[in-house]
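Report on one structure; see the data block that follows.
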Amino acid sequence: MLSRLFCRTLKKAKNPPETDSKPSEQQQRVNSSDGASTTRAPLAEERKKETKKKRSFWRLFCCCKRKHRVSPLCDDDTQPSDEHRRRFPNPAQMCYMNSSIQSLLTLKDFVRDVSSQENMLRQCPEAVLARRFMEIVRCRYSEDALRKLLLLMRFKRVLSVQASEFKGPGCKDAHEFLSAVIGQIQRLASPTQTMAVSVGGNYTCPVSSSLTFQMQNTRTCKGCGAQSITVEDFCNLSLDIIPRGSVQGMLQMYQKETQLEYSCKCGGNTSDHYSRFLTLPKYLMLHLKRFKFTKDLKILKLRDPINICDELMDEGLYSLISVINHFGSTVNDGHYVSEGLHPDEVLDGRPERWLHYDDKDVFETSRTVVRKWRQRTCYVLFYQRQRCNMNSSLLSLLTLKEVVRDVSSQENVLRQCPEAELARCGAQSITVEDFSSLSLDLIPCTRRG
Ligand SMILES: [Zn+2]
């Protein structure tokens, strides 16, 4: 029965409706006010019949959970709550994809940035993946399991044109999936920008505005002290696991000075190396290296408990908003679920309300529960820059702190002045040129503190 249904869905997918065709009534409802119903309600009897039919499909969509049950089952016959409407079908090991997409949908500004560029994306033939993503965004509250499945399969098919590892069934790595999605959307920037210019518009890459950041790598020869500085773009960082360590600790470990082999002109062959944030993204995606290869090339899963920090960096600059978890011992055998900040919540004041996304089961949970029970399973974490700290001067200053370290004797002053103090000073839009005058402002500021 399941395979028959699945085949029928795939057959249907061969003639997909035109991407940019007129949105259905359901889509229009979702478009109009993010879920609030504005269209005429169908007759109660008709609607009841339709809902019953749709619900019966959902019963079939719970593939890998039979082996890895991580949540209580929801009763399909109860009236779906708003949370429940966000569920995704999973007829064939799609949990890695469902969890990843649910986490991406938690990044409200990222979704908004893609939506706001939709007009340009629609006109660019290369931008199919971004258009498919928007179809999922529009359909996320739909109770139509088959339509959701169709859109998810179409998204996966487009992604796998350039990332063949996602072709075909089977569970894949959620981090690799997210990296492929983000990387491909990022690569759309160039053709879409060109197209936008040709029609007198403009296009800003949603990945660049939400997820990309720069790290500055500094290498110093131990022999002669010669320094080499390179700047690298990232969309996420992969952190080594420190057993019983914290996410903050692992992030610090990433930036810690290490020694590496490097043949210098002076004849020396050891250098010191460290990385620092040069810019900070709106959303910081962190991947924990829970899988490692053994000597005989078997994949070993590390289940060490990790302290999932609520906040990261100085002054709690970043707040935790989503966690993707992996259950099971191997990538191919496991099950993914994701948890994220409740869409009705705003970040100010550490909101407790979160949602748990486990394919067709979506229910309310709390930040405390996630932090307590996901220590051994957390795999990909998303942190959002706090709104109260989004002051551009603070960010510029954090950036400057790193640049200035190498070029200016004012570093000492900066180090003594906590960022929040600076923000209170009301220093606005600091640039590198402004640095000398800024440091004068800093002195009274530190004295006051
Ligand atoms: Zn040297």
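The values are calculated or read from the model by the stated rules, or taken from the named source; none is laboratory data. It should be emphasised that the depicted structure is a prediction, and the values quoted were computed from it without experimental measurement. Backbone-built Cβ (ideal geometry, glycine too); neighbour counts: all protein chains shown.
Here is how the numbers come out for the structure above:
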| quantity | calculated |
| --- | --- |
| Residue within the stretch 296-308 that is at pLDDT 90 or above, under 28 Å from residue 99 (Cβ atoms) and either within 16 Å of the ligand (Cβ to nearest atom) or under 17 Å from the mean Cα position of the chain (by Cα) (or both) present | yes |
| Some residue of the stretch 199-218 being within 16 Å of the ligand (Cβ to nearest atom) and either in contact with a Gly (Cβ under 6 Å, 6 or more places away or on another chain) or farther than 27 Å from residue 96 by Cβ (or both) | yes |
| All positions within the stretch 366-404 that are basic (Lys, Arg), at pLDDT 90 or above and assigned to a helix (DSSP H, G or I) | 367, 371, 372 |
| Residue 279 vs. criteria surrounded by 13 or more Cβ atoms within 10 Å (Cβ to Cβ) and within 16 Å of the ligand (Cβ to nearest atom) | no |
| Check on residue 229, within 16 Å of the ligand (Cβ to nearest atom) and either among the β-branched types (Val, Ile, Thr) or modelled with pLDDT of 95 or more (or both) | yes |
| Qualifying residue in the stretch 210-227 (condition: small (Gly, Ala, Ser), touching a residue at least 60 places away in the same chain (Cβ under 8 Å), under 27 Å from residue 256 (Cα atoms) and in a helix (DSSP H, G or I)) | yes |
| Considering residues of the stretch 232-265 that are within 16 Å of the ligand (Cβ to nearest atom) and among the charged types (D, E, K, R) only, the residue nearest to residue 182 (Cα to Cα) | 261 |
| Any chance residue 291 is under 22 Å from the mean Cα position of the chain (by Cα) and either within 16 Å of the ligand (Cβ to nearest atom) or within 23 Å of residue 172 (Cα to Cα) (or both) | yes |
| Residue list for the stretch 266-276, filter: more than 11 Å from the ligand (Cβ to nearest atom) and hydroxyl-bearing (Ser, Thr, Tyr) | 274, 275 |
| The stretch 225-254, residues that are polar (S, T, N, Q), touching a Lys or Arg at 6+ places or on another chain (Cβ under 9 Å) and farther than 24 Å from residue 293 by Cα | 227, 228, 230 |
| Filtered residues of the stretch 249-272 (kept if over 30 Å from residue 106 (Cα atoms) and surrounded by 16 or more Cβ atoms within 10 Å (Cβ to Cβ)) | 262, 264, 271, 272 |
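One line per residue, one yes/no per condition, for (1) at pLDDT below 90; (2) in a helix (DSSP H, G or I):
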residue: 143; (1), (2): yes, no
residue: 150; (1), (2): no, yes
residue: 154; (1), (2): no, yes
residue: 157; (1), (2): no, yes
residue: 170; (1), (2): yes, no
residue: 175; (1), (2): no, yes
residue: 191; (1), (2): no, yes
residue: 194; (1), (2): no, yes
residue: 200; (1), (2): no, no
